[in-house]
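Asker: Take this structure first; my questions come after.
The values are calculated or read from the model by the stated rules, or taken from the named source; none is laboratory data. In this text the structure is predicted, and so the values were computed from the model without any measurement. With ideal geometry, Cβ positions are generated from the backbone for all residues, glycine too; neighbour counts draw on all protein chains shown.
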Amino acid sequence: MPEEFDFSELRKYLQGQMDMGEEDLLLDEPWALTRKKSAVPAGNPRPAIPAMPQMRSAAPAFSQPSAPVNSAPFPNSAQPAFGVPAQSAFQQPTPAASLARPAPAPKPQLDSAMTIAPRAVKKTTAAYELADSLGAFYEALKTDALYARTTNVVRYEGPEHPRLLILLASPKPGEPTGNFFQSPTGEMIVRLFGSLGYAPEMLGVTYFYKDAPRALSPILLASLRRMLTKELSFIAPEIMITFGEPLFYDVFSKGKNFNDLAGTALDFNGTKTVSLVDAYAMTTDKQLKWLTWKVHIPRSGLFVAK
C-alpha cells in the first residue's frame, strides 16, 4: 500500500539535526508534510481505517481529575465539594443512594396498655384439704372424683395417735374391714412388733388406696400422696411402716430404690417412715420373716420399746 504522506523533508531535517550535534540542535520545525498524489482512482470509496483502541490512563483509580473546579465529569450531576474518583468511559455513575446502607428499622414498641400480662393459674382446693377432722376428711373423700364410684371408703383403724401406723396398698378382696388385726396377716404383724415391745393397742392400720385394688396412673398417685399427707396430719403416728415394693414406689415415686432403702429410716412429708417387704407374702414365707427380723428392722434403728 503506497504511503499517503511524503516524509522526505522530515528525513532531511532529522539528518541535519544529527549532523550538527546536540549543541546546535534546532528547536524550530521548518519541515511540513505534503500530501502525495493518491493512488486510488477518484470516485472510488477509500477503505475504512480501523479505529485504534483507546489507551487507559495509568493514573490510580482515585487520582484527582485535572478538569477545572467548575466543570462536572457528567453533565447532569452536580459537582461535589471534594474531588470525584476517575471513572472509565464504560462505567455508569453509581448513585450515592445505592452506596449508603439502609438504616435498620426501629423495633416496634408495644403500648403499656397493649402488653399481655402473665396468666394467673388458679389452683383449685380439694374438699378433703379443707377438712378439720379425720371424720370430715373421709366424708370429703366420697365427693372426690377418685372415689366417686366407691360405695365404701375404708377408714383408719386403731388408736387416736398410734406409735406404729401400718400402711397397706389397698384392702384385699374378701378381707374383713375394721378387723384387720384379726386376720392372719394382721396377727403376724402384731406378733412381730410385740416381740419388739409394742403392744397391740399401739398399732393402727390404713390403706394408701381405700378401695378394691386397681391400676393407678401417675396423676392419681399424686392425688393419693396428697390425701395421705392430709390423713397423717390427723392420725399423727410416731412411725409409719409401708409393706411391699410396689407400695414403696407409689409412696416415694421412682426416684428411690427399694432394695437399697428397705428397712432404712425415711421421711414422708415430716413422718418417720420405714419400708418392709410384702406383709401378705411374709405370712407364709419364713425366709422373708428372717430377712425382716434380722436385716431390715435392725437397719432402721427406730424400733425401740418404751
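Asker: For segment 158-183, give me the residue count where each residue is in contact with a Ser or Thr (Cβ under 7 Å, 6 or more places away or on another chain) and either of a type in the set (D, E, K, R) or not in a loop (DSSP other than H, G, I, E, B) (or both).
Answerer: Qualifying residue count for the region: 3.
Asker: I'm trying to understand the selection: among the residues of segment 142-165, which are in contact with a Gly (Cβ under 7 Å, 6 or more places away or on another chain) and not acidic (Asp, Glu)?
Answerer: Result: 156, 158, 159, 162, 165.
Asker: Moving to a separate point now. So is residue 219 touching a residue at least 60 places away in the same chain (Cβ under 8 Å) and out of contact with any Lys or Arg (no Cβ under 8 Å at 6 or more places or on another chain) or not?
Answerer: no
Asker: Here's another thing I want to ask about it. Somewhere in segment 202-216, is a residue in contact (Cβ under 8 Å) with a residue 24 or more places away in the chain and among the polar types (S, T, N, Q)?
Answerer: Yes, segment 202-216 has at least one match.
Asker: When you go through (1) among the charged types (D, E, K, R); (2) modelled with pLDDT of 95 or more; (3) more than 38 Å from the chain's Cα centre (by Cα); (4) under 30 Å from residue 149 (Cβ atoms) one by one for residue 230, which number turns out not to apply?
Answerer: (3)
Asker: Applying the selection to segment 259-288, what residues are closer than 14 Å to residue 192 by Cα and either in contact (Cβ under 8 Å) with a residue 40 or more places away in the chain or touching a Lys or Arg at 6+ places or on another chain (Cβ under 7 Å) (or both)?
Answerer: Residues satisfying the conditions are 279, 280, 282, 283.
Asker: Further question: Being out of contact with any Lys or Arg (no Cβ under 7 Å at 6 or more places or on another chain), basic (Lys, Arg) and touching a residue at least 24 places away in the same chain (Cβ under 8 Å): is that true of residue 256 here?
Answerer: So residue 256 fails the test.
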